[in-house]
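Single-structure report; data block below.
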Amino acid sequence: MKLFEELYDAYFKRIYAYVFLRVRDAAVAEDLCAAAWRKAFEKFASYDEKKGVFGQWIFTIARNEINMHRRLYWVKNFFSLTETENITPLNDKNPAQQAEDGELKKRLFAAVEKLSAKERDIISLKFYSGLNNRQIAAVTGLSESNVGTITHRAVEKMRRDMENI
């Protein structure tokens, strides 16, 4: 694993700077970097130099971690799948913003309610539990491509429904 250590030393500061600039929070950046490097370490045996340089690979992993963090942040802060969570609004939001967030939450919940049970299950596994398509496929017994298709169609349905509500 000496090679991985050398790559870590060579890329860590650049990855951290990239993540920090995207999330603008040191603690979150540290967590996301740790997650990205953990995934890179776990998957290092599958890294193939022929498909691209290590820098591209690790930046892609970091980018995916940032995107997952943002999706989960949005879902957890604006929408509870069980509608039993008490999400405290951020202190820096004024009453108008809080009301707008509450209205958005209602519209999103109404859109989710219109989905089939299978679609709701997959949406909750994807965006609330943070599973990827492969993990969802393993949990549900569906193919990975079918999970992706169902997710895409469900999100599109929700978008249309939220525009019409």
| request: Scan region 1-14 for residues that are surrounded by 13 or more Cβ atoms within 10 Å (Cβ to Cβ) and either at pLDDT below 90 or not aliphatic (A, V, I, L, M) (or both) and jot them down. | output: Phe4, Tyr8, Tyr11, Phe12, Arg14
| field | Residue list for region 134-154, restricted to those being closer than 22 Å to Tyr73 by Cβ and at pLDDT below 90 | value | Gln135, Ile136
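Residues checked against (1) assigned to a loop (DSSP other than H, G, I, E, B); (2) without any contact (Cβ under 8 Å) to a residue 40 or more places away in the chain; (3) touching a Leu at 6+ places or on another chain (Cβ under 7 Å):
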site	(1), (2), (3)
Leu7	no, no, no
Ala10	no, yes, no
Tyr16	no, yes, no
Ala27	no, yes, no
Lys43	no, yes, no
Thr60	no, yes, no
Ile66	no, no, yes
| When only residues in region 95-117 that are exposed (fewer than 13 other Cβ atoms within 10 Å of the Cβ) and more than 20 Å from Tyr73 (Cβ to Cβ) count, which is modelled with the highest pLDDT? | Ser116
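Hey, does region 29-48 have a residue that's at pLDDT below 85, more than 17 Å from the chain's Cα centre (by Cα) and farther than 20 Å from Leu131 by Cβ? Full working, then the answer.
Applying the first criterion (at pLDDT below 85) to region 29-48 yields none.
So far as region 29-48 goes, no, none of its residues is at pLDDT below 85, more than 17 Å from the chain's Cα centre (by Cα) and farther than 20 Å from Leu131 by Cβ.
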| query | Quick check: anything in region 137-149 crowded, with 17+ Cβ neighbours inside 10 Å, farther than 22 Å from Arg70 by Cβ and either touching a His at 6+ places or on another chain (Cβ under 7 Å) or not assigned by TED's automatic domain parsing to the domain that holds Leu32 (or both)? | reply | yes
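The values are calculated or read from the model by the stated rules, or taken from the named source; none is laboratory data. Note that the coordinates shown come from a computational prediction; the quantities given were computed from them, not determined experimentally. Neighbour counts run over all protein chains shown; Cβ positions are idealised from the backbone, glycine included.
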